[in-house]
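S.K.: I'd like to ask some things about the structure below.
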């Protein structure tokens, strides 16, 4: 198979491609739905996880300000944001047909010189890290360089090898839109008017968040191995309450998927989503499972040796909590799972990710040759104004993107 060029932004990229099979939401009364959930997924954490917050979390606390970046990084970040905005407008232009949209995308690639553009993206954050290295800075740069961007640039590189259809246009739209929101979530001062608009209460249905992942293709290296993600969802109501919170959820999903496809030994990722029974403050559990190699399984089991005696059994305590600890580096690596734990702690009003891990709001285990990572998230209220499928409402998407 033809080897595609590597975007070089991370070791693995999660590439959502709207699935060939539609996402089927298997909905049941939460009071009776647990009987069909595998016991291994129920045993991961308590079914009662209280929410300590009085006001709903909007996912706005994992950021740095533009002033914290080095001057050169501020230029690179603004150039990236402007370029992605231009691309989104080109794809969402309702005044033209698909053929002209593809021409606009080709012009965008030529104007920005995609190879040079990728090289510039690689540089984002390095000067700031050298100037003042902090965990907060590394987290923000990790997702500004990664997130949906790695997948978007990879797909743009692959265009010359694939037929150009409307089916190929939509993922480009979704990835550009997602990454613009991720950038605004990560960087205060980048586009504050739109960041404030992202706070506007609007219920985002579970389907809008998950359908881009179900039956999608993810892969650690172009042209080598494809891995498909399948989702079993037992809830179809509102997941998030505004676009800013949805951007936080996107940061969680892209990081979890990238981590899973980096280490999976199989060809399938499975996510199960189900509501916990009352009294759980309208809480959802997400579990992502993938096979791991014997060597990786042994390495993960070895991590329990540094824990307490109770950690000898991967089903007890938090034997893999170390996976969620940050590793500060110029590349921003080692922060994907850290941010997952940080966001979950914020969503439930916990003191920090240590408490979230200890109380099993988030965690990971190795079960035979299966690696499972889970997290919880409070449901949003369905009585908010509804966020619609913005690919079919481009003017709305551009005003909010």
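S.K.: Show me 367-379, 241-253 ranked by packing, highest mean number of other Cβ atoms within 10 Å first. Each step should come with its number before you reach the end.
M.R.: Details: 367-379: 19.8, 241-253: 24.5.
By packing density, highest mean first, the sequence is 241-253, 367-379.
S.K.: Another question about this same structure. If packing is taken as the average number of other Cβ atoms within 10 Å across a peptide's residues, how do 291-301, 171-181 rank, most packed first?
M.R.: 171-181, 291-301
S.K.: May I ask for the distance between the Cα centers of region 126-141 and region 100-121, given as a whole number of Å?
M.R.: Comparing the Cα centres of region 126-141 and region 100-121, I get a distance of 27 Å.
S.K.: Note the full-extension length gain between residue 167 and residue 103 as 0.36 nm times their separation in residues minus their Cα-Cα distance, in nm to one decimal. Before the final figure, lay out the partial values.
M.R.: Working: separation 64, 0.36 × 64 = 23.04 nm, distance 1.60 nm.
Between residue 167 and residue 103, full extension yields an extra 21.4 nm.
S.K.: What is the order of 342, 73, 106, 232, fewest Cβ neighbours within 10 Å to most?
M.R.: Listed from fewest to most nearby Cβ atoms, that is 106, 232, 73, 342.
S.K.: Using a basic spin-label model with each label point 7 Å from the Cα along Cα→Cβ, how many nm lie between residue 352 and residue 226?
M.R.: The modelled label-to-label distance comes out at 4.4 nm.
S.K.: On to the next question. Could you give the length gained on full extension between residue 54 and residue 115, defined as 0.36 nm per residue of separation minus the Cα-Cα distance, in nm?
M.R.: Using 0.36 nm per residue and subtracting the Cα-Cα distance, I get 17.2 nm.
S.K.: What nm distance separates the two modelled labels at residue 200 and residue 78, each placed 7 Å from Cα along Cα→Cβ?
M.R.: A separation of 2.6 nm, rounded to one decimal place.
S.K.: Can you tell me, using C-alpha contacts under 8 Å and at least 6 residues apart, the relative contact order of region 91-181 as a whole percent?
M.R.: Numbers: 35 pairs, mean separation 32.8, N = 91.
That works out to 36 percent.
S.K.: Also: Estimate the FRET efficiency between residue 37 and residue 71 by the formula 1/(1 + (r/R0)^6), using the beta-carbon distance for r and 51 Å for R0, to the nearest 0.05.
M.R.: Working from the Cβ atoms, E equals 0.50.
S.K.: Counting only Cα atoms, I'd like the Rg/Rh figure for region 64-198, Kirkwood definition for Rh.
M.R.: That ratio equals 0.99.
S.K.: Using 0.36 nm per residue, how much length does the chain from residue 130 to residue 192 gain when fully extended, once their Cα-Cα distance is taken away?
M.R.: 19.7 nm
S.K.: Can you order the peptides 76-82, 139-145 by their average number of other Cβ atoms within 10 Å per residue, highest first?
M.R.: Peptide ranking by packing, descending: 139-145, 76-82.
S.K.: Quick one: Cα convex hull volume of region 84-123, Å³ per residue?
M.R.: In region 84-123, the Cα hull volume divided by residue count equals 58 Å³.
Values quoted throughout were computed directly from the atomic coordinates according to the rules given, and no laboratory measurement underlies them. This one's a predicted model, so the numbers in the text were calculated from it and none came from an experiment. Note that we place each Cβ from the backbone using ideal geometry, even for glycine, and neighbour counts take in every protein chain shown.
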